[in-house]
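The values are calculated or read from the model by the stated rules, or taken from the named source; none is laboratory data. Small disclaimer: the values here were computed from a predicted structure and weren't measured. Glycine also receives a Cβ, built like all others from the backbone with ideal geometry; neighbour counts cover every protein chain displayed.
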Amino acid sequence: MQRKNTGSEAAENVMATVRTPDLGLDPDACVMPEPSDPCTIVILGATGDLTTRKLLPQLFNLYLNNGLPDPFLIVGVSRVDIDEPEFRSRMQAALKNAGNYEKTRWLSFARAIHYRTADFTNLESFKHLAQALRDLNQQYKTNGNRIFYMALPPSVYKSAAHLIGQVGLADERQNGNGWSRIVVEKPFGTDLKTAIDLDQSLSRDFTEHQIFRIDHYLAKETVQNVLMLRFANSMFEPIWNRRYVEYIAINAIEELGVEHRAGYYEQSGVLRDMFQNHMLQLLALTAMEPPSRFEADQVRDEKVKVFRALRPFQVKNLTENLVLGQYAAGAVNGNAVCAYREEPGVAADSLTPTFALMKVNLDNWRWQGVPFYLTSGKRLDQKLTEIAIQFKSVPHSMFRHTLSETIPANRLVLGIYPEEKITLTFQTKNPGATVCLRTVTMDFNYHQNSSSPILDAYARALLDCMLGDHMLFWRQDGVELCWKFLTPILDRCEACDDQAELLHFYEAGSKGPKAIEGIT
């Protein structure tokens, strides 16, 4: 099966103007929904790549847009033995590289940045860290509220979280503490067993309401807009079901290769890296029932219902619903690139998949019989993230004497990257004396007529964590249900003698393995 196009490839590029009415709303009202409590943001692993590329630049972005509480502190923690001025200098350089550096605002922002050295496996080291945090709280009056952001390798999560608990920093409203929250990055385990083990370890010291399992895809503005489009508009919800939808294609593909992540990627592959989290979350947002209220638990309850409805894979006939691939040498945007097996840190005989197309079915009343095609891969012909809803063709017997062509079905595309927009294609008569159709496109650009500051996904996730809002974060039952669905597939792909036969090689810069044409 060829990867489903966006509709714009076949459509004539005719734009219907979309106007956003002026409702007299304050554009700044969407930046900070309510003031958050004063707090200390403790970044564990603060000298790493995640901190310099994402966390500090987005915290500064929030600061520029008055999105941080007053007062706030940022405390970097790492094994690296540097002093506070050196850490601040590194963070200043990170902001300059990110392109949102403002010298005058930096000077005041930098006063809130501190640094402490700690060993993430040593109790005595964390006792010193705990005392340092209490001293800073006393000095800057942050009410003992703390966020512990685990910008660490997953292998250190359990040790670091338990040490936080052992030194009394996880206990809320005790020993001078305010609220205490811990942010964990994916992967949440590597299969169902390890996901349960990680949760049991975190739960020794933190309760579920304190744990924030971050998936930055969920915090993207256009991803959140899926729910708004579906449930705030009466025209879409009545046709968002098996009676009118032929199939749904969810694509998250990119031109980049494994880059500097070979050590991680060799252990994960595309199924663990993208499907267990991002792809199944996009599926849930697209397929879920309307919640009774737009609140965190109600929304996550409906997502869990989708995960429960996932039809188990028939692993004996795996190739009927799954294509795995690995990129070979090729060219992307005219530049020659090497094969995955030639990337630094990758085994010469690696069988790690870098591409997957998965056909998924939901066994419930709304979606029975509607296939969902989930596609993700590296080193493809473009970087594209979108959700395409393909509607069923119309009965067109009334046109049999005037039209010889097949009437294309309507298609609604929710663009997430590179174009954040909504596109609807439909049919109209072509001007002229003869009766013939043309496909036209109605576009809405997500940022059209908006003056509100644009927040990065990490900025939004950090803001919600400060507010204690779990809407955009995983709940453990959802994590376990997704692993329960995916683990048998991983076991079948990784533990059988025909593992090499399941892997299809594709040229870098192409649309993926040719075997995708067989998935219907």
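Contact map, region 235-257: residues that are closer than 30 Å to residue 340 by Cα paired with residues that are of a type in the set (D, E, K, R) and assigned to a strand (DSSP E or B), Cβ distance under 7 Å, separation 6+ or inter-chain. Pairs shown: 251/386. Between 448, 499, 427, 476, the distinction of being among the polar types (S, T, N, Q) and without any contact (Cβ under 8 Å) to a residue 60 or more places away in the chain belongs to 427 only.
As for region 70-92, it holds at least one residue that is in contact with a Leu (Cβ under 7 Å, 6 or more places away or on another chain), modelled with pLDDT of 95 or more and over 18 Å from residue 147 (Cα atoms).
Enumerate the strands (runs of 3 or more DSSP E) found wholly within region 404-516, keeping only those where 2 or more residues are touching a Pro at 6+ places or on another chain (Cβ under 9 Å). Correct list: 421-429, 437-445, 503-507.
If you check residue 499 against the conditions, is it at pLDDT 95 or above and of a type outside the set (A, V, I, L, M, F, W, C)? No; evaluated as a whole, the condition is false for this residue.
Restricting attention to region 194-205, the residues that are in contact (Cβ under 8 Å) with a residue 40 or more places away in the chain, more than 19 Å from residue 281 (Cβ to Cβ) and assigned to a helix (DSSP H, G or I) add up to 3.
So, in region 186-205, exactly how many residues are touching a His at 6+ places or on another chain (Cβ under 9 Å), surrounded by 14 or more Cβ atoms within 10 Å (Cβ to Cβ) and modelled with pLDDT of 90 or more? Spell out how you get there, then give the answer.
Within region 186-205, the subset touching a His at 6+ places or on another chain (Cβ under 9 Å) is 186, 201-202, 204-205.
Next cut, surrounded by 14 or more Cβ atoms within 10 Å (Cβ to Cβ) only: 186, 201-202, 205.
Cutting the leftovers down to modelled with pLDDT of 90 or more gives us 201-202, 205.
Number of matching residues: 3.
Residues that are free of Cβ contacts under 8 Å to residues at least 12 places away in the same chain, part of a helix (DSSP H, G or I), out of contact with any strand residue (DSSP E or B) (no Cβ under 9 Å at 6 or more places or on another chain) and under 25 Å from residue 50 (Cα atoms) occur in region 147-161; there is at least one. Scanning region 93-145 for residues that are among the β-branched types (Val, Ile, Thr) and not in a helix (DSSP H, G or I), we see that the one that is farthest from residue 155 (Cα to Cα) is 142. So how many residues does region 75-92 have that are part of a helix (DSSP H, G or I) and among the aliphatic types (A, V, I, L, M)? Final tally of qualifying residues: 1.
On inspection, residue 164 does not qualify as of a type in the set (Val, Ile, Thr), modelled with pLDDT of 95 or more and assigned to a strand (DSSP E or B).
Could you check, for region 140-148, whether at least one of its residues is touching an Asp or Glu at 6+ places or on another chain (Cβ under 6 Å) and small (Gly, Ala, Ser)? No; the residues of region 140-148 include none that is touching an Asp or Glu at 6+ places or on another chain (Cβ under 6 Å) and small (Gly, Ala, Ser). For beta carbons closer than 9 Å, sequence separation of 6+ or different chains, a first residue in region 260-279 that is of a type in the set (Asp, Glu) and a second that is modelled with pLDDT under 90, the qualifying pairs are 273/186; 273/187; 273/261; 273/264.
When you scan region 140-150, do you find a residue that is surrounded by 15 or more Cβ atoms within 10 Å (Cβ to Cβ), out of contact with any helix residue (DSSP H, G or I) (no Cβ under 9 Å at 6 or more places or on another chain) and among the hydroxyl-bearing types (Ser, Thr, Tyr), even just one? Within region 140-150 (the criterion being surrounded by 15 or more Cβ atoms within 10 Å (Cβ to Cβ), out of contact with any helix residue (DSSP H, G or I) (no Cβ under 9 Å at 6 or more places or on another chain) and among the hydroxyl-bearing types (Ser, Thr, Tyr)), the answer is yes, since at least one residue qualifies. Exactly one residue out of 70, 81 is out of contact with any Cys (no Cβ under 7 Å at 6 or more places or on another chain) and farther than 28 Å from residue 35 by Cβ, and it is 81.
I'm checking my understanding of the structure. Among residues of region 241-259 that are among the acidic types (Asp, Glu) and under 18 Å from the mean Cα position of the chain (by Cα), which one is nearest to residue 374 (Cα to Cα)?
The first filter runs over region 241-259 and keeps only residues among the acidic types (Asp, Glu), leaving 246, 254-255, 259.
Checking the rest, the ones that are also under 18 Å from the mean Cα position of the chain (by Cα) come to 254-255.
Details: 254: 14, 255: 17 Å.
Across region 241-259, the extreme among qualifying residues is 254.
Any residue at all in region 99-121 that's hydroxyl-bearing (Ser, Thr, Tyr), farther than 30 Å from residue 276 by Cβ, under 30 Å from the mean Cα position of the chain (by Cα) and modelled with pLDDT under 95? Outline the logic, then answer.
Let us first name the residues in region 99-121 that are hydroxyl-bearing (Ser, Thr, Tyr), namely 101, 104, 108, 115, 117, 121.
From what is left, the residues that are farther than 30 Å from residue 276 by Cβ are 101, 104, 108, 115, 117.
Keeping just the survivors that are under 30 Å from the mean Cα position of the chain (by Cα) gives 101, 115.
Cutting the leftovers down to modelled with pLDDT under 95 gives us 101.
Looking through region 99-121, at least one residue is hydroxyl-bearing (Ser, Thr, Tyr), farther than 30 Å from residue 276 by Cβ, under 30 Å from the mean Cα position of the chain (by Cα) and modelled with pLDDT under 95.
For region 32-46, a residue qualifies if it is crowded, with 17+ Cβ neighbours inside 10 Å and modelled with pLDDT under 95, and the qualifying residues are 32, 36.
Taking (1) in contact with an Asp or Glu (Cβ under 8 Å, 6 or more places away or on another chain); (2) of a type in the set (D, E, K, R); (3) under 30 Å from residue 427 (Cβ atoms) in turn, residue 378 satisfies each apart from (3).
Filter region 206-222 for residues that are assigned to a strand (DSSP E or B) and aliphatic (A, V, I, L, M); which is modelled with the highest pLDDT? Even if it seems obvious, please write down each step before you answer.
Residues of region 206-222 assigned to a strand (DSSP E or B): 211-214.
Still in the running and aliphatic (A, V, I, L, M): 211, 214.
On the way: 211: 97, 214: 91.
Going through the qualifying residues, I end up with 211.
Close contacts from region 58-73, counting a first residue that is of a type in the set (D, E, K, R) and a second that is modelled with pLDDT of 95 or more and part of a loop (DSSP other than H, G, I, E, B), with Cβ to Cβ under 9 Å and a gap of 6+ residues or different chains, come to 70/38. Checked against the criterion of being out of contact with any helix residue (DSSP H, G or I) (no Cβ under 7 Å at 6 or more places or on another chain) and not hydroxyl-bearing (Ser, Thr, Tyr), the candidates 507, 420 yield just one match: 507.
If I filter region 179-193 down to residues being assigned to a strand (DSSP E or B) and over 14 Å from the mean Cα position of the chain (by Cα), which single residue comes out as nearest to residue 491 (Cα to Cα)?
The first filter runs over region 179-193 and keeps only residues assigned to a strand (DSSP E or B), leaving 180-185.
Now restrict to residues that are over 14 Å from the mean Cα position of the chain (by Cα): 180-183.
Values: 180: 37, 181: 34, 182: 31, 183: 29 Å.
The extreme case among them is 183.
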